[in-house]
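Asker: Got a structure for you, written out below as structure tokens; questions coming shortly.
The values are calculated or read from the model by the stated rules, or taken from the named source; none is laboratory data. No experiment lies behind these values; they were computed from the predicted model shown. When we count neighbours, we look across all protein chains shown, and the Cβ atoms used for this are built from the backbone with ideal geometry, even at glycine.
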Amino acid sequence: MNDTRFGTWHHFTAAPHRVMFVSGMLQLPLTLVYWAIELTGRHTGLWSPLATQVPGFALHPFLMLYGVFPFFMFGFLMTTYPRWMGGEPIPRHLYLPPWALLSTGILFFYAGLFSDGTLVTIGLLLLLAGWGLALLTLWRVYRTAPAADKHYESWLNAALLAGWAGIAAWLTWWLGGPTWLYRLSLVAGFWLFLIPVLVTVGHRMIPYFSDCVLRPYRRVQPAWSLPLMGLAVAAHVLLTLTGQWVWRFVADLPLAFLALHHLWHWGLPRSLGIRLLAMLHIAWAWFAIGMVLFVIQSLGLLLTGHWWLGHGPQHVLAIGFITSLTIGMATRVTLGHSGRPFDVDRLTWACFLGISATALLRLSAELPLWPPGVANHVNLAAAVLWLACLVPWTLRYMPMLLTPRVDGRAG
């Protein structure tokens with residue numbers, strides 16, 4: 001039995017993406033289970049909303065921004081940084097400590113929610129420590145790798161640092177700091193961390209993967225894309241924090257142009273015959289849709305004074321773009337690095353398409369389509385559908401991360 005346990009641990013910790021992805025795969029459904037329970041209590045009266053140390057309005061965004069997707073990002077980047085820059089693979093003794101700190105931090109955070117706020121604080125400190133150590137691990141590869149061109153990694157380093165700063169701002173607010181730090185943590189976590197990381201990874205990988213299977217294919221990766229993104233997200237954050245929401249189209253229009261330009265040139269229709277590739281292209285299409293909706297919302301506020309679309313555009317990006325691209329990339333990495341062919345089965349495809357359906361359903365909850373009071377139930381239905389898509393996907397792919405590669409290779 002001990003040998004079996006040692007073997008399982010050995011395989012589980014054989015590569016950075018394995019440990020990080022497993023924590024992320026556990027976090028996705030856990031976070032959504034909490035949110036479904038919370039929304040059911042709010043909108044059905046079946047039970048009271050959960051009594052937690054962190055108020056519900058702050059808990060859900062924090063977990064979605066900082067408690068789920070970073071595990072997938074660090075697992076992916078700890079695997080790809082050495083490959084992209086020609087560096088040495090990150091050894092086990094350097095990727096296990098940040099994973100352990102991040103995972104333990106989440107456990108303390110959850111424990112504190114239902115018991116003692118001190119445990120929440122300890123969890124946040126552990127998260128900061130794990131995040132910082134993960135950044136140092138990636139920086140070590142960045143600094144020592146021989147590649148001359150490291151512009152993708154430079155943007156990613158900056159975005160990951162912004163994510164660390166966002167947690168620090170949230171922690172300071174939690175400990176009694178000013179409210180503007182809470183607002184900063186939410187805006188920075190979304191626009192300076194999640195969006196830049198996924199846009200940068202998409203810009204780097206979607207044309208590359210497309211070129212591998214679509215022939216003939218012309219890669220379109222303009223040098224202006226990432227600087228434009230950086231300026232636009234910074235402007236969006238500045239306009240948001242200063243209350244100038246009517247002028248956010250000035251920042252959002254360039255992002256919409258960027259998204260649409262790349263969507264057109266990367267060839268979404270050609271990708272649809274290859275499910276694994278289509279997942280990445282469809283996710284990027286949601287980025288374009290979300291940014292167009294943000295532009296419409298800002299212009300509508302400027303011209304009419306009405307806040308059309310509510311939280312719809314942000315949820316289109318969070319569910320349609322961020323979740324879809326994360327699932328697409330994690331599926332590809334898990335299949336490839338477990339020695340399996342790049343074939344997406346019907347279950348995976350159905351789960352992925354269900355995420356797009358969730359984005360549409362959540363958007364519809366913000367539109368005047370429903371009788372009074374029904375929109376709240378639509379919001380709840382979207383959370384349940386999101387959960388129903390992610391649980392089967394997790395059950396399908398987590399075992400691949402806990403067992404040896406099927407081709408007998410290491411890793």
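Asker: Within the group Trp173, Trp131, Trp164, Trp139, which residue is closer than 14 Å to Pro70 by Cβ, out of contact with any Pro (no Cβ under 6 Å at 6 or more places or on another chain), aromatic (Phe, Trp, Tyr) and without any contact (Cβ under 8 Å) to a residue 40 or more places away in the chain?
Answerer: Trp164
Asker: Restricting region 358-402 to residues that are among the β-branched types (Val, Ile, Thr) and in contact with a Phe, Trp or Tyr (Cβ under 9 Å, 6 or more places away or on another chain), which is surrounded by the most Cβ atoms within 10 Å (Cβ to Cβ)?
Answerer: Thr358
Asker: Please work out which residue is farthest from Val220 (Cα to Cα), limiting yourself to region 262-289 and to residues that are surrounded by fewer than 15 Cβ atoms within 10 Å (Cβ to Cβ) and free of Cβ contacts under 8 Å to residues at least 24 places away in the same chain.
Answerer: Taking the candidates together, the pick is Gly273.
Asker: I'd like the full set of residues that are surrounded by 18 or more Cβ atoms within 10 Å (Cβ to Cβ), hydrophobic (A, V, I, L, M, F, W, C) and under 19 Å from Val233 (Cα atoms), limited to region 295-324.
Answerer: Hits for region 295-324 are Val295, Val316, Leu317, Ala318, Ile319, Phe321, Ile322.
Asker: Report, by residue number, each residue of region 34-59 that is part of a loop (DSSP other than H, G, I, E, B), closer than 15 Å to Gly112 by Cα and not hydroxyl-bearing (Ser, Thr, Tyr).
Answerer: Residues satisfying the conditions are Leu50, Ala51, Gln53, Val54, Pro55.
Asker: Looking only at helices (runs of 4 or more DSSP H) that lie completely in region 212-318, which have at least 3 residues being under 20 Å from the mean Cα position of the chain (by Cα), farther than 21 Å from Ala158 by Cβ and hydrophobic (A, V, I, L, M, F, W, C)?
Answerer: In region 212-318, the matching helices (runs of 4 or more DSSP H) lie at 275-304.
Asker: Would you check if there is a residue in region 71-92 being closer than 28 Å to Thr179 by Cα, touching a residue at least 40 places away in the same chain (Cβ under 8 Å) and within 17 Å of the chain's Cα centre (by Cα)?
Answerer: Yes, some residue in region 71-92 is closer than 28 Å to Thr179 by Cα, touching a residue at least 40 places away in the same chain (Cβ under 8 Å) and within 17 Å of the chain's Cα centre (by Cα).
Asker: Sticking with this structure for a sec: Taking Phe342 and the conditions (1) of a type in the set (Phe, Trp, Tyr); (2) within 24 Å of Ile37 (Cβ to Cβ); (3) in a loop (DSSP other than H, G, I, E, B), which numbered condition does it fall short on, given that it satisfies the others?
Answerer: Looking at each condition in turn, Phe342 falls short on (2).
Asker: Something else now. Does Val68 qualify as being crowded, with 21+ Cβ neighbours inside 10 Å, in contact (Cβ under 8 Å) with a residue 24 or more places away in the chain and either within 21 Å of Leu171 (Cα to Cα) or more than 24 Å from the chain's Cα centre (by Cα) (or both)?
Answerer: yes
Asker: Confirm whether Ser338 is at pLDDT below 95, over 15 Å from the mean Cα position of the chain (by Cα) and not aromatic (Phe, Trp, Tyr).
Answerer: Yes; evaluated as a whole, the condition is true for this residue.
Asker: Shifting gears a bit: Could we say that Leu181 is part of a helix (DSSP H, G or I), surrounded by fewer than 22 Cβ atoms within 10 Å (Cβ to Cβ), over 18 Å from the mean Cα position of the chain (by Cα) and on the phi < 0 side of the Ramachandran plot here?
Answerer: In short, yes.
Asker: For region 31-53, give me each residue that is of a type in the set (A, V, I, L, M, F, W, C) and either modelled with pLDDT of 95 or more or more than 23 Å from Leu385 (Cβ to Cβ) (or both).
Answerer: Ala51
Asker: Do we have Thr121 as of a type in the set (Val, Ile, Thr), touching a Phe, Trp or Tyr at 6+ places or on another chain (Cβ under 9 Å), surrounded by fewer than 20 Cβ atoms within 10 Å (Cβ to Cβ) and touching a residue at least 24 places away in the same chain (Cβ under 8 Å) here?
Answerer: yes
Asker: Residues Tyr152, Tyr110, Tyr142: which one is farther than 22 Å from Val197 by Cα, of a type outside the set (A, V, I, L, M, F, W, C) and assigned to a helix (DSSP H, G or I)?
Answerer: Tyr110
Asker: Right, here's the next one. What about Leu128, is it surrounded by fewer than 17 Cβ atoms within 10 Å (Cβ to Cβ) and under 21 Å from the mean Cα position of the chain (by Cα)?
Answerer: no
Asker: Identify the single condition in (1) in contact with a Ser or Thr (Cβ under 6 Å, 6 or more places away or on another chain); (2) part of a helix (DSSP H, G or I); (3) not aliphatic (A, V, I, L, M) that Gly202 does not satisfy, given that it satisfies every other one.
Answerer: (1)
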